[in-house]
Amino acid sequence: VRIDDWATFFRTTELNHNVASVTVETRVDGFTNTADFSVEAELLDAEGTHVATVRNQLTDGGIFRAQMKIADAHLWTPESPYLYCLKIKLFQNGQPIDEQILKTGIRTVAVNKEGGFMLNGVSRKLKGVCLHHDLGPLGAAVNRAALIRQISIMKEMGADAIRPDH
């Protein structure tokens, strides 16, 4: 019995004056009786301070779904990429048997004809570049430090969208 690594979702469903409503959803594989199992989702801020917790029983399909309200939410933006830590724990008869830890940001994304692309309710123009693979002289394997350097330079240049090429 385990938390499915590819079936956990954290969505910002509403954002009003820095009060965020978020939905946490995950799926548990391998269980037989939903009455024996529960899931707890805990959200911690970047400093590790407790923000919100919710605990529910599983549905018949092994789905855990819960809502959280976060007051004074720190919104994720490219200029201020604030990340929360989401801890999801699976319990069987009250004892923890599995845990998943994810980094996530609180933000809303929308596209409409009036504002175009909107992040957290603010219209943004995407400034993209086509970044050709030019790290070949450093070797065939990906050089992480070189990639981070390239992306940092692109960000300083004002780019916030990259299309890799080759």
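The values are calculated or read from the model by the stated rules, or taken from the named source; none is laboratory data. Just so you know, these numbers come straight off a predicted model, no measurement behind them. Neighbour counts run over all protein chains shown; Cβ positions are idealised from the backbone, glycine included. These accessible areas exclude ligands, DNA and RNA; they are computed on the full protein's heavy atoms, side chains included. Shrake-Rupley method; radii C 1.70, N 1.55, O 1.52, S 1.80 Å.
A few comments on the model shown:
- Here ASN112 meets the list (1) under 19 Å from the mean Cα position of the chain (by Cα); (2) closer than 24 Å to ASN16 by Cβ almost entirely, failing just condition (1).
Quick grid of which residues meet (1) within 30 Å of VAL122 (Cβ to Cβ); (2) modelled with pLDDT under 95:
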position	(1), (2)
PHE31	no, yes
GLU42	yes, no
GLU79	yes, yes
ASP98	no, no
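- Residue ID - farthest from the chain's Cα centre (by Cα), chosen from residues in the range 83-109 that are more than 20 Å from LEU58 (Cβ to Cβ) and open to solvent by less than 60 Å² (accessible area, probe 1.4 Å): THR108
- Candidate set: the range 29-59, residues that are of a type in the set (Ser, Thr, Tyr) and assigned to a strand (DSSP E or B); chosen: the one surrounded by the fewest Cβ atoms within 10 Å (Cβ to Cβ): THR53
- Residues (assigned to a strand (DSSP E or B) and open to solvent by less than 40 Å² (accessible area, probe 1.4 Å)) located in the range 1-14: ILE3, PHE10, THR12
- Candidate set: the range 115-156, residues that are over 30 Å from LEU15 (Cβ atoms) and touching a residue at least 12 places away in the same chain (Cβ under 8 Å); chosen: the one nearest to the chain's Cα centre (by Cα): LEU147
- TRP76 without any contact (Cβ under 8 Å) to a residue 12 or more places away in the chain and within 14 Å of the chain's Cα centre (by Cα): no
- Note on the range 134-163: residues that are touching a strand residue (DSSP E or B) at 6+ places or on another chain (Cβ under 7 Å) and exposed (fewer than 10 other Cβ atoms within 10 Å of the Cβ) amount to 1.
- For SER80: the one exception among (1) among the small types (Gly, Ala, Ser); (2) closer than 30 Å to MET157 by Cβ; (3) open to solvent by less than 30 Å² (accessible area, probe 1.4 Å): (3)
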